[in-house]
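Structure, as structure tokens:
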Amino acid sequence: MAAMATPGNTALELGLAGRRALVTGAGKGIGRSMVQALHAAGVQVVAVSRTRADLDSLVRECPGVEPVCVDLSDWQAVERALGGVGPVDLLVNNAAVAVLQPFLEVTKEAFDISFDVNLRAVIQVSQIVARDLISRGAPGSIVNVSSQASQRAIRNHTIYCAAKGAMDMLTKVMALELGPHKIRVNAVNPTVVMTAMGQANWSDPQKAKSMLDRIPLGRFAEVDNVVDAILFLLSDRSSMITGSTLPVDGGFLAN
């Protein structure tokens, strides 16, 4: 799968050229790299972010990308922004927020924003895309970006673990119901990923060691590790895979 990371052969390997994709959380981190990889593969990309400056710089880097600036926690705003987005063949639900609080200090505000973005928006955006695919009689692939936190308890991650656990089951139900329409739905479940946020949150060597000691490969994931897995699940190379939760975790969940 390492060959997928080079833009020169991605389209050849995966056959994604000419399709249209929508990526949420496209301004930074995994989402931004996902847009860049799809653009390099000849995919027409709709990039969704709540930060206009991130979208502006992304469009400069990847001419032809269609920017949509919207706050995914606002149901009505999402309907207005994406309701007429047009034919989308591939969807990556990547946008997420992580509010870390000890269980006894969890607040309603943190719960609401976490579930609004990490779960409810996934349902809403997926409904928009899936309804269009069904109306066109077209096959499609949806990938939800989950986390190892969906399957393993992590201290101070009460809401995040709960939301990602719900996303894993949502993925399975979506696969069950959308499968007859030739729409595949899968999730990727990364460990800590070395995005700018990941580096900031795990820069403390003592904190990092506590997690790295639980990862058999002894390292955190790079962004390309996650992007490659998503590209595979979007492509026809994974045409018999749906309802799966794919760990990209260096063996964390096997430990």
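Does Leu38 meet the test of being hydrophobic (A, V, I, L, M, F, W, C), part of a helix (DSSP H, G or I) and either closer than 13 Å to Pro67 by Cα or at pLDDT 95 or above (or both)?
yes
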| Can you tell me how many residues in segment 124-140 are of a type outside the set (S, T, N, Q), surrounded by 13 or more Cβ atoms within 10 Å (Cβ to Cβ) and over 16 Å from Thr242 (Cα atoms)? | 7
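The rows are residues; the columns are (1) buried (at least 19 other Cβ atoms within 10 Å of the Cβ); (2) in a helix (DSSP H, G or I); (3) at pLDDT below 95; (4) in contact with a helix residue (DSSP H, G or I) (Cβ under 6 Å, 6 or more places away or on another chain).
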site	(1), (2), (3), (4)
Thr171	yes, yes, no, no
Met174	yes, yes, no, no
Arg184	yes, no, no, no
Gly198	yes, yes, yes, no
Leu231	yes, yes, no, yes
Met240	no, no, no, no
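Yes/no per residue for (1) closer than 24 Å to Leu14 by Cα; (2) modelled with pLDDT of 95 or more; (3) assigned to a helix (DSSP H, G or I):
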position: Val45; (1), (2), (3): yes, yes, no
position: Val59; (1), (2), (3): yes, yes, yes
position: Ser73; (1), (2), (3): no, yes, no
position: Leu104; (1), (2), (3): no, yes, yes
position: Ile113; (1), (2), (3): no, yes, yes
position: Ile123; (1), (2), (3): no, yes, yes
position: Ser126; (1), (2), (3): yes, yes, yes
position: Ile134; (1), (2), (3): yes, yes, yes
| query | Among the numbered criteria (1) aliphatic (A, V, I, L, M); (2) within 19 Å of Ala98 (Cβ to Cβ); (3) not in a helix (DSSP H, G or I), which single criterion is violated by Ala162? | reply | (3)
| message | Looking only at segment 28-48, count every residue that is more than 19 Å from Val188 (Cα to Cα) and free of Cβ contacts under 8 Å to residues at least 40 places away in the same chain and tell me the total. | response | 6
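Those residues that are touching a residue at least 24 places away in the same chain (Cβ under 8 Å) and either among the hydrophobic types (A, V, I, L, M, F, W, C) or surrounded by 21 or more Cβ atoms within 10 Å (Cβ to Cβ) (or both), I need them from segment 212-224; list them, please. I'd like the intermediate steps shown before the answer.
So in segment 212-224, the residues touching a residue at least 24 places away in the same chain (Cβ under 8 Å) come out as 214-224.
If the condition is that a residue be touching a residue at least 24 places away in the same chain (Cβ under 8 Å) and either among the hydrophobic types (A, V, I, L, M, F, W, C) or surrounded by 21 or more Cβ atoms within 10 Å (Cβ to Cβ) (or both), then Ile215, Leu217, Phe220, Ala221, Val223 are the ones that fit.
Can Val193 be described as surrounded by 20 or more Cβ atoms within 10 Å (Cβ to Cβ) and out of contact with any Cys (no Cβ under 8 Å at 6 or more places or on another chain)?
On the way: surrounded by 20 or more Cβ atoms within 10 Å (Cβ to Cβ): yes; out of contact with any Cys (no Cβ under 8 Å at 6 or more places or on another chain): yes.
When the stated conditions are applied, Val193 passes them.
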| Among (1) farther than 18 Å from Cys161 by Cα; (2) buried (at least 23 other Cβ atoms within 10 Å of the Cβ), which single condition is Asp204 missing? | (2)
| request: Mind listing just one residue for me: the one in segment 85-122 that is of a type in the set (D, E, K, R) and over 19 Å from Arg155 (Cα atoms) and, of those, surrounded by the fewest Cβ atoms within 10 Å (Cβ to Cβ)? | output: Glu109
| Yes or no: Ala21 surrounded by 16 or more Cβ atoms within 10 Å (Cβ to Cβ) and part of a helix (DSSP H, G or I)? | no
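The values are calculated or read from the model by the stated rules, or taken from the named source; none is laboratory data. For clarity, every value in this text was computed on a predicted model and none was experimentally measured. When we count neighbours, we look across all protein chains shown, and the Cβ atoms used for this are built from the backbone with ideal geometry, even at glycine.
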